[in-house]
Amino acid sequence: MTTTVTGATADDLDAGRADVRPALRRLGEVGAFGADDDDPTVALLASVRMLRQLASVSLATAFGAWSQRMVLEYLRCCPPPEPMTGLVAELRAGTVPGATALAPAVADLAGTGTLPVHAVRDGEGWRLSGTVGWASNLFDDAVVVAPARTADEGRVVALFRRTDAGVTPTGPHDLLGLRGTGTGGLHLDGVVVGSGQVLSDDLAGFMAVCRPAMLLLQTALSLGVADAALAAAGEHLPTVLRPDAAALTERRDDAARRLEDLAGDRVGVHPGDLAGLRLAALDVAAEAVRLETAVAGGPGYLAGSDTARRVREAAFLPVQAPTYGQLRRETAAAQDGRG
């Protein structure tokens, strides 16, 4: 799988000199996004391993693949009333990008934000207006999955295309890194969404079904970055830092075991367990990159070094929704509930 992106193109993807579309197509060609008859648990475990391996080489590639995989997960968990066999096939092939724009849903359900897109009834379907502030894989005719609020304070989750009438891209964000991921925003002005494009009218229920896979796959991204940082640090590790590296490796391995166990069998798993696991992986990735920078010294501070790229990658990980702060609130609430 690492042949999907080389070390040289990892820098290009981070700096925006290239984008992730060729990598998505190559992943599609080798069946990395699965097949219709896959067992969901087996497929999730395979995706966890794929994303971890990709993130150890290029977080930009892994993040693009994560977005693609999540759109497919949404369509699997909550299939629309009208079959979308052709669209699913294109997403699996990586020829059509999949963009997930559910970050506002996390804040909305937690009571710390509101959905910036509103939906107005239009016959059997809806018209969407508002803004999608942040989404990735916004290339070409990308498929976008986004939540919207209705006039009666309901919530719907719908999909539309970047090329649909009324959709205006606001341009790519000027990111610290991961610039090749097609990350930007959209302005929606009366975008028509038919009933067959509505995945759910129960946002809480939708997120409850899809969020476990989301958190497990995000955990894999952090572990991949930690893998790369620990490997790089180990090449020139001074004796005084070996205990630190050994402790971090043990924590990384523990998180990896828990990730594989949960991905392989999610029965009876408390939501707080998944949030706690992702927090643990975030902490390990941050500390592993910090160790790498300590070992690399001045050469690692050069903007074009692999170490500097991983610093930027590690800075992104706690920003991805649900964010580090949101996860901390969730685990604290879970602990209070168990107490």
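Structure data summary
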| item | result |
| --- | --- |
| Complete set of residues in segment 169-214 that are touching a Gly at 6+ places or on another chain (Cβ under 9 Å) and of a type in the set (S, T, N, Q) | 170, 181, 195, 197 |
| All positions within segment 132-165 that are touching a residue at least 40 places away in the same chain (Cβ under 8 Å), in a strand (DSSP E or B), of a type in the set (A, V, I, L, M, F, W, C) and within 21 Å of residue 79 (Cβ to Cβ) | 143, 144, 145, 146, 156, 157, 158, 159 |
| Per-region count, segment 166-186, residues touching a Pro at 6+ places or on another chain (Cβ under 9 Å) and in a strand (DSSP E or B) | 3 |
| Failed item, numbered, when residue 172 is tested on (1) loosely packed, with under 15 Cβ neighbours inside 10 Å; (2) of a type outside the set (A, V, I, L, M, F, W, C); (3) at pLDDT below 95; (4) under 24 Å from residue 323 (Cβ atoms) | (1) |
| Residue match in segment 265-274 (condition: closer than 23 Å to residue 12 by Cα and out of contact with any strand residue (DSSP E or B) (no Cβ under 8 Å at 6 or more places or on another chain)) | no |
| Residue ID - modelled with the lowest pLDDT, chosen from residues in segment 41-76 that are hydroxyl-bearing (Ser, Thr, Tyr) and open to solvent by 20 Å² or more (accessible area, probe 1.4 Å) | 41 |
| Residue within segment 247-256 that is open to solvent by 40 Å² or more (accessible area, probe 1.4 Å) and assigned to a loop (DSSP other than H, G, I, E, B) present | no |
| Any pair with Cβ under 6 angstrom, 6 or more apart, that starts in segment 310-339 at a residue that is in a helix (DSSP H, G or I) and ends at one that is surrounded by fewer than 19 Cβ atoms within 10 Å (Cβ to Cβ) and among the hydroxyl-bearing types (Ser, Thr, Tyr) | 318/324 |
| So residue 106, is it touching a residue at least 60 places away in the same chain (Cβ under 8 Å) and either surrounded by fewer than 20 Cβ atoms within 10 Å (Cβ to Cβ) or within 23 Å of the chain's Cα centre (by Cα) (or both) | yes |
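The values are calculated or read from the model by the stated rules, or taken from the named source; none is laboratory data. A quick note: this is a predicted structure, and the numbers were derived from the prediction, not measured. Neighbour counts are summed over all protein chains in view; Cβ atoms, including those assigned to glycine, are modelled from backbone coordinates with ideal geometry. Only protein heavy atoms, including side chains, enter the accessible area calculation; ligands, DNA and RNA are left aside. Shrake-Rupley method; radii C 1.70, N 1.55, O 1.52, S 1.80 Å.
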